[in-house]
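Rule-based calculations on the coordinates, nothing more; no lab input. What you see is a predicted model, and the numbers here were worked out from it, not measured in a lab. Cβ placement follows ideal geometry from the backbone for every residue including glycine, while neighbour counts extend to all protein chains displayed.
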Amino acid sequence: MQVVILAGGLATRLGALTERTPKSLLPLAGRPFLAWQLELVARSGFRRVLLLTGHLAEPIRAFAGDGSAFGVELRCLDDGPRLLGTAGALRHALDQLEATFLVTYGDSYLPFDYAAPLRDLESHPEALGTMSVYENHGKWDQSNTLVSGELVTRYEKGSSDPALTFIDYGAIALRREVIAALPEGEPRGLDQLQAELGSQRRLRAYRVSERFYEIGSKEGLAELDAHLARM
């Protein structure tokens, strides 16, 4: 199984905290965030990790190494000088992607089985992706997803529609062919791709029961630091 971690963002919401330190290496409960994240995916059975970097890539590469310290085989690929967006970064890495793979974000800590969406996708050949979702009702962040049965039927980032009671949990299994169909070198967000797959009814929903954590904000950093300190 392959997991792709999107770690190329600029982390502007964190201000001075990320001027010299990449978000992936911010300390939480005494360790860089990336260490916690890599151990999580390793516990879920992943051995191949592709880390897509951009802003302050060199310290991330130096810390992660070949991944052996975390029980994985890790490769880093830089997005290049141009911001490509999350889906654009995947298109840039096309020749490194396996036939099916899991994508997660470099600022997401997800206390669940990361392999579950990938297993779900592989057991449903009619689907192009399986997105992990959490029934949020606006609690932890703005809900953005409509789930009908086993499918994501609407995905709208930034929407305030109360009908959207679920939220993108932060891990999605995809088929390589979906990324191959994107124009090369064109900036594009993964949210756009998820919206398209949902409207086509080709995106399955994997429901998760435990809340997510993210370090994209100072509040999120504090919450996860407290959570990890209790473990």
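Some notes on this structure:
- Positive minus negative residues near A195 (Lys, Arg vs Asp, Glu; Cβ under 11 Å): -2
- Computed with the Debye formula from one identical point scatterer per Cα of the chain, without solvent, the log10 of I(q)/I(0) at q = 0.07, 0.14, 0.17, 0.18 Å⁻¹ comes to -0.20, -0.87, -1.35, -1.53.
- Rg followed by Dmax, in Å, when segment 74-189 is reduced to its Cα trace: 14.8, 42
- Here the peptides 74-82, 50-58 are ranked by packing, the mean other Cβ count within 10 Å, and the order with the highest first is 50-58, 74-82.
- Footprinting exposure proxy ranking of M131, M1, M231, fewest other C-beta atoms within 10 angstrom first, gives M231, M1, M131.
- Summary of packing: across the peptides 134-143, 22-31, 85-94, the per-residue average of other C-beta atoms within 10 Å ranks them, highest first, as 85-94, 22-31, 134-143.
- Alpha carbon centroid spacing (whole Å) that separates segment 198-217 from segment 127-194: 6 Å
- In this label model, S123 and A69 are separated by 3.7 nm, measuring between points 7 Å along each Cα→Cβ vector.
- The chain, relative contact order [Cα under 8 Å, separation at least 6], %: 24 percent
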